[in-house]
Amino acid sequence: MPGVIDKKSGVPSPDQDVQISAYVELLRNGTPEGLTFDEEKHLFTANGEAIPSVTTVLKRMGMVPDWSKISDIEWYAQRGTYIHKATELWENGLLDEDTVDPLISGYVDGYKACRRDFPVKVIGQEVRLWHPDLKYAGIIDMVIEGNKHYKLFLRENGTYKLIEVPNIRAQFNVFVSALNVMRWKEQNMKEEI
């Protein structure tokens with residue numbers, strides 16, 4: 001069974017382990033067949049049916065920190081997107097480092113340091129899968145050889161912290177509970193209308 005690395009440029013939060021456990025389950029029992037993703041709307045459909053993403057489930061259930069009070073939150077989200085893209089390009093040998101914004105370059109340096117210190121084989125990046133039974137989808141940052149799963153915190157100063165995610169099964173039980181409660185709430189709201 002392959003492992004997962006989820007790249008982060010912010011601070012640790014409890015939802016991250018649950019998120020990664022849902023990605024691990026997608027590796028076990030997910031498929032790309034019939035899945036489409038609208039990048040602009042961040043909307044997944046599987047065989048024409050809209051399905052929630054892992055992060056959507058966690059947000060709707062109030063399991064992620066409320067970042068809305070942070071000024072310039074859109075800027076931080078965009079920065080995260082740029083960091084992901086730059087590290088993906090670097091991993092593929094396609095990054096022109098002269099084009100990397102100085103605000104991103106430290107994070108890329110942290111990624112390069114991690115890959116030097118942790119030279120595990122990457123077998124997939126930005127892998128989009130959905131779970132046909134549980135009907136949720138996600139985008140896995142990195143699929144690696146081995147059966148361990150990690151959060152990779154990249155820092156602006158060129159450092160990193162790689163943290164193994166324990167208790168994947170227990171964390172996934174939390175995710176499934178959240179998914180079921182979300183669906184129950186949505187169904188009850190439809191019935192009340």
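Values in this text are rule-based calculations from the coordinates and carry no lab data. Model, not experiment: these values are computed from the prediction. Neighbour counts are summed over all protein chains in view; Cβ atoms, including those assigned to glycine, are modelled from backbone coordinates with ideal geometry.
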Self-check item: segment 77-113 and segment 1-60: distance between their alpha carbon centers, rounded to Å
Solution: 22
Practice problem: Take the alpha carbon gyration tensor of segment 1-79, find the square roots of its eigenvalues, order them as a ≥ b ≥ c, and report rounded if a/c is under 1.5; if not, report prolate when a/b exceeds b/c, else oblate. | Solution: oblate
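In debye, nearest 20: dipole of the chain around its Cα centre with unit charges on the Cβ of K, R (+) and D, E (-)?
620
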Quiz item: Shape call for segment 125-193 from the C-alpha gyration tensor, a ≥ b ≥ c root eigenvalues: rounded (a/c under 1.5), prolate (a/b greater than b/c) or oblate?
Solution: prolate
Practice problem: Just need log10 I(q)/I(0) for the chain at q = 0.12 Å⁻¹, Debye formula, equal scatterers on the alpha-carbon atoms, no solvent, rounded to two decimals. | Solution: -0.62
Exercise. Please give the helix 73-91 orientation as an angle from the longest Cα principal axis of the chain, in degrees from 0 to 90, rounded to the nearest 10.
Key: 60
Quiz item: Taking only Cα atoms, what is the 0 to 90° angle, nearest 10, from helix 15-29's long axis to the longest principal axis of the chain?
Solution: 80
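Helix-only mean residue ellipticity at 222 nm, the chain, DSSP H runs n ≥ 4 weighted -39,500 (n - 2.57), per residue, nearest 500. What is it?
Values: 5 runs with 82 residues, N = 193.
That comes out to -14000 deg cm²/dmol.
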Self-check item: Point-to-point label distance, Thr55-Asp117, nm (Cα→Cβ direction, 7 Å offset)
Solution: 2.6
Quiz item: lysines within cross-link reach of Lys121: Cα-Cα under 30 Å, excluding same-chain residues under 8 positions apart?
Solution: Lys7, Lys8, Lys85, Lys112, Lys135, Lys148, Lys151, Lys161
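What FRET efficiency do you get for Ser105 and Thr45 if R0 is 45 Å and r is their Cβ-Cβ distance, rounded to the nearest 0.05?
Calculated transfer efficiency: 0.80.
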Quiz item: Under a plain spin-label model, where a point goes 7 Å from the Cα along Cα-to-Cβ, how far apart in nm are Leu94 and Thr31?
Solution: 2.7
Self-check item: DSSP-defined beta bridges in the chain - what % are antiparallel, rounded to 5
Solution: 80
